[in-house]
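Each remark here refers to the structure printed beneath this line.
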Amino acid sequence: MKVRVAINGYGTIGKRVADAVSRQDDMEVVGVTKTKPDFEAKMAIKKGYRLYCAIPENLKLFEDAGVDVEGTVEELIEKADIVVDCSPGKVGAKNKPMYEKAGVKAIFQGGEKKDVAEISFNALANYEKAVGKRYVRVVSCNTTGLVRVLYLLDENFGVEKVRAVMIRRVVDPKEDKKGLVNGITPDPVKLPSHHGPDVQTVLPHINITTVAFKVPTTLMHVHSLNVQLKDKVSEEEVIDVFEKEPRIILVSSDEGFTSTAKIVEWARELRLRYDLFENVIWRDSIAVVGKELYFTQAIHQEAIVVPENVDAIRAMLEMAEKDESIRKTNESLDIGKFKL
Ligand code: NAD
């Protein structure tokens, strides 16, 4: 029998999680919610999802617009074994009492504070900690990108300390209410940034300090990492570890990957919505100086957390062991298929 998954908030992350869940042979989407009868609501219905109203007071808006909803979010979660809350940052915490009342398990996203859930999650790093849990937070896009590589480096070589600079896309492509047209914004000005402590919600023992800037692009984030390892390793050894991990793709500037624009152009040929679920690391950026490792990676903010949500469902509902869940998720989403 398939587990029944509800998606509360069919936005940038919610629509991707819905499509990813639909591709699993052990899960089904029982419904998605929207707050308004906009084009995304209509698209959800066209794609075959059962649409529910996230805010009961807005039911009349849907009625007036002739957009058929099956009911309210409360009625949806009654039908679900688990809810993936993909509402905007901090709204998930407001939705939590509803999940508690209904006695349904829930996954929250990285825009929530860590105390919204029992644990903060990344499939590679701490799948086992989510097993059987009621509330789990899948960490943000930047944190997911950092945790994946730091987990692998720590497991293989031991990590002494990490210093990372994040160059962040200012908004997602669909945003037209806010943005940064011209300038580079230290974000935050007061250092360090929150990303280091957020990595420690998953990997508490990692000594990491981060700084971040917002720049006028919508496509991807770029991270420049400096990782001090416990032992001296060669660049080839690092490449070998990254190459073996399906959730990482190595690319090179001599193949034409001169910027995130080129990475996205390549991904447009590969996947629906050019979604890159993998960390994209520039192979030729990998440099070892003494015990210090340097490298640069690009993270597709809209896609990177999607496989993590699928794995969190399996862990919380005790549907599969770590390796089995990751294998199923990777296969269903073609992760690992497009390595160069
Ligand atoms: P979004 O604004 O694209 O989508 C949010 C959706 O939730 C919208 O459809 C909105 O109508 C709906 N919504 C609003 N109020 C609601 C409510 N009370 N109940 C249910 N739904 C409601 O936002 P997003 O970018 O998908 O972000 C969702 C979460 O994912 C946030 O926590 C965010 O921090 C996190 N996240 C976003 C990204 C990213 O790059 N977009 C990456 C990783 C994590």
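Tabulated results
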read-out: Net dipole in debye of the stretch 244-329 [+1 Lys, Arg Cβ; -1 Asp, Glu Cβ; about Cα centre; nearest 20]; value: 40
read-out: Of all DSSP beta bridges in the chain, antiparallel share, percent nearest 5; value: 40
read-out: Unit charges on C-beta of K, R, D, E only; dipole of the stretch 141-299, Debye; value: 740
read-out: Computed accessible area, residue 129, all protein chains, 1.4 angstrom probe, square angstrom; value: 120
read-out: Cα point-scatterer Debye curve for the chain, base-10 log of I(q)/I(0) at q = 0.12, 0.14 Å⁻¹; value: -0.85, -1.15
read-out: Contour minus Cα-Cα distance for residue 243 and residue 207 (0.36 nm per residue); value: 10.5 nm
read-out: Whole-number D in µm²/s for the stretch 1-127 (Stokes-Einstein; Kirkwood sum over Cα pairs; 10 °C, 1.306 mPa s); value: 108
read-out: Cα-based Rg and Dmax for the stretch 141-299, where Dmax is the largest Cα-Cα distance (Å); value: 15.7, 48
read-out: Per-residue [θ]222 nm for the chain (sum of -39500 (n - 2.57) over DSSP H runs n ≥ 4, rounded to 500); value: -9500 deg cm²/dmol
read-out: Distance between the stretch 163-229 and the stretch 50-64 - C-alpha centres, whole angstrom; value: 36
read-out: Among the listed pairs 90/262; 161/214; 96/337; 178/328; 190/230, those beyond 32 Å (Cα-Cα); value: 90/262; 96/337; 178/328
read-out: Shape call, the stretch 103-148: gyration tensor on alpha carbons, a/c limit 1.5; value: oblate
read-out: Chymotrypsin sites (Phe, Trp or Tyr not before Pro) within the stretch 30-120, DSSP loop, no more than 14 other Cβ atoms inside 10 Å; value: none
read-out: Centre separation in Å (Cα based) which lies between the stretch 14-41 and the stretch 319-340; value: 20
read-out: Rounded if a/c under 1.5, otherwise prolate or oblate - the stretch 34-103, Cα gyration tensor axes; value: prolate
read-out: Packing-based order for 207-214, 218-225, using average beta carbon neighbours within 10 Å, highest first; value: 218-225, 207-214
read-out: Residue of 197, 97, 37 that the Gaussian network model of the chain assigns the largest fluctuation, springs spanning Cα pairs under 10 Å; value: 97
read-out: Too-long pairs where the Cα-Cα distance tops 29 Å, listed order kept, from 47/114; 42/322; 79/177; 15/60; 60/114; 133/291; value: 47/114; 42/322; 79/177; 60/114; 133/291
read-out: Exposure rank, largest accessible area first [98, 316, 43; 1.4 Å]; value: 43, 98, 316
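The values are calculated or read from the model by the stated rules, or taken from the named source; none is laboratory data. Computed from a prediction, not measured in an experiment: that's the story for all the values here. Backbone-built Cβ (ideal geometry, glycine too); neighbour counts: all protein chains shown. All accessible areas refer to the heavy atoms of the entire protein, side chains included, with ligands and DNA or RNA removed. Shrake-Rupley method; radii C 1.70, N 1.55, O 1.52, S 1.80 Å.
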